[in-house]
Every structure is written in structure tokens, then in C-alpha cells.
Amino acid sequence: MESLQSVFREHFAQYADTRALHVRELRAATAIMRCRTPELGGRVLACEHGHYARTQFNSCRHRSCPRCADAPRQRWVQWQLQRLLPCEHFHAVFTLPHVFLPLWQHNRAWLNARLFDCTRQALLELCADARHLGATPGLLLALHSWGAT
């Protein structure tokens, strides 16, 4: 079975030539292709008597790399599952269209407040409708951005 890394190494250049990719996408693809290869360097692990030695190559540690991100992702999922209430729930994602990003960058507090207000109002209205839930839900809203902060 082919690894994702081998698929990227074999086909990504041709794929990238046919599209305008964002620098984020290029960095992720490059990290995946270089992960745990001599390109990132490594170290030799050997027994003190010289009977056995092997090279261990460095990981890319990119969040999109399946090799590097899978274990932390699984730990995070398990931690989140332990925190959930023992009841039915739904996860909904509301995304700000990219056309509004320049406005958001110049007036974050105002646009964040509008985004949360509109999201809350839409969910309450939809869930109150007897055709859907016919109830008032509990809501937890959080803002996720691509930045580190």
C-alpha cells in the first residue's frame, strides 16, 4: 500500500503545475514530502559496542502531516470525548466568507460580535422550529482562527 508521502512525492509537482496554490498548501505538501527523510536530517542510533546502528530521520512536525499530527490529534479527540456531556449534541461550523477578511482585519471586535449574534440568532430560530427540534438549545460558541493566538 502506498503512503500519502509517496503519492505526494510522485504526483504533487504535476498537480501543482495545474493550479494556483496558496503558500499554506505548498508548505504543507513540502512538509509531508520531506518528513522523516534525509532532507530534514537525522541522527544515528547505535549500541555502545557498535553491533547495531540505524538512522532516525527528523519529523517535519507540520499539523497537516499525517505522520506527525495523528498521535496528537488522537489524544485531543480522546480528551474531548471525555469532556462531552452524555447527551446528543451537534457540532455546527459557521465560516466567515473570505471576502470579509479585510473588513475583519480592520474591525475585529465589531465583526466578531456580529458573527456571534447572527450565528446565535440563526441557531435559536432554526431549533425553535417544530419541523427541526422544537426546543431552545444550549449553545457554546467559539471563534477559531488560523493564527496561533
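None of the figures in this text is laboratory data; all of them are computed from the coordinates on show. This one's a predicted model, so the numbers in the text were calculated from it and none came from an experiment. Cβ sites come from the backbone with ideal geometry, for glycine too, and all protein chains shown count toward neighbours.
Some observations on this one:
- Cys residues of the chain counted as unpaired, since no other Cys beta-carbon is under 4.7 Å: CYS47, CYS87, CYS118, CYS127
- Most fluctuating residue given options PHE12, PHE57, PHE90, as computed from a GNM of the chain linking Cα atoms under 10 Å: PHE90
- ³J(HN,Hα) computed for each position of the range 45-62 - Karplus, 6.51 cos²θ - 1.76 cosθ + 1.60, integer Hz, glycine/proline x: 9, 9, 6, 5, 9, x, 6, 8, 8, 8, 9, 10, 7, 6, 8, 7, 6, 7
- Karplus-derived 3J(HN,Hα) values for the range 120-128, using 6.51 cos²θ - 1.76 cosθ + 1.60 with θ = phi - 60°, are 4, 4, 5, 5, 4, 5, 5, 5, 6 Hz; glycine and proline are entered as x.
- Cα point-scatterer Debye curve for the range 62-139, base-10 log of I(q)/I(0) at q = 0.25 Å⁻¹: -1.04
- Karplus-derived 3J(HN,Hα), 6.51/-1.76/1.60, for each residue of the range 103-114, Hz, glycine and proline x: 5, 4, 5, 9, 8, 4, 4, 5, 5, 4, 4, 5
- For the chain: span of alpha carbons on each principal axis (Å, largest first): 72, 41, 32
- Amide H contacts of CYS60 (H built 1.01 Å from N, under 5 Å, at least 5 apart or other chain): ARG36
- Cα gyration tensor, the range 4-83 - rounded (a/c under 1.5), prolate or oblate: oblate
- In plain terms, the chain is cut at each of the trypsin sites (Lys or Arg not before Pro) found in a DSSP loop with at most 13 other Cβ atoms within 10 Å, and the longest leftover piece is 64-130.
- Largest mean-square fluctuation among ALA109, ALA69, ALA31, in a Gaussian network model of the chain whose springs join Cα atoms under 10 Å apart, belongs to ALA109.
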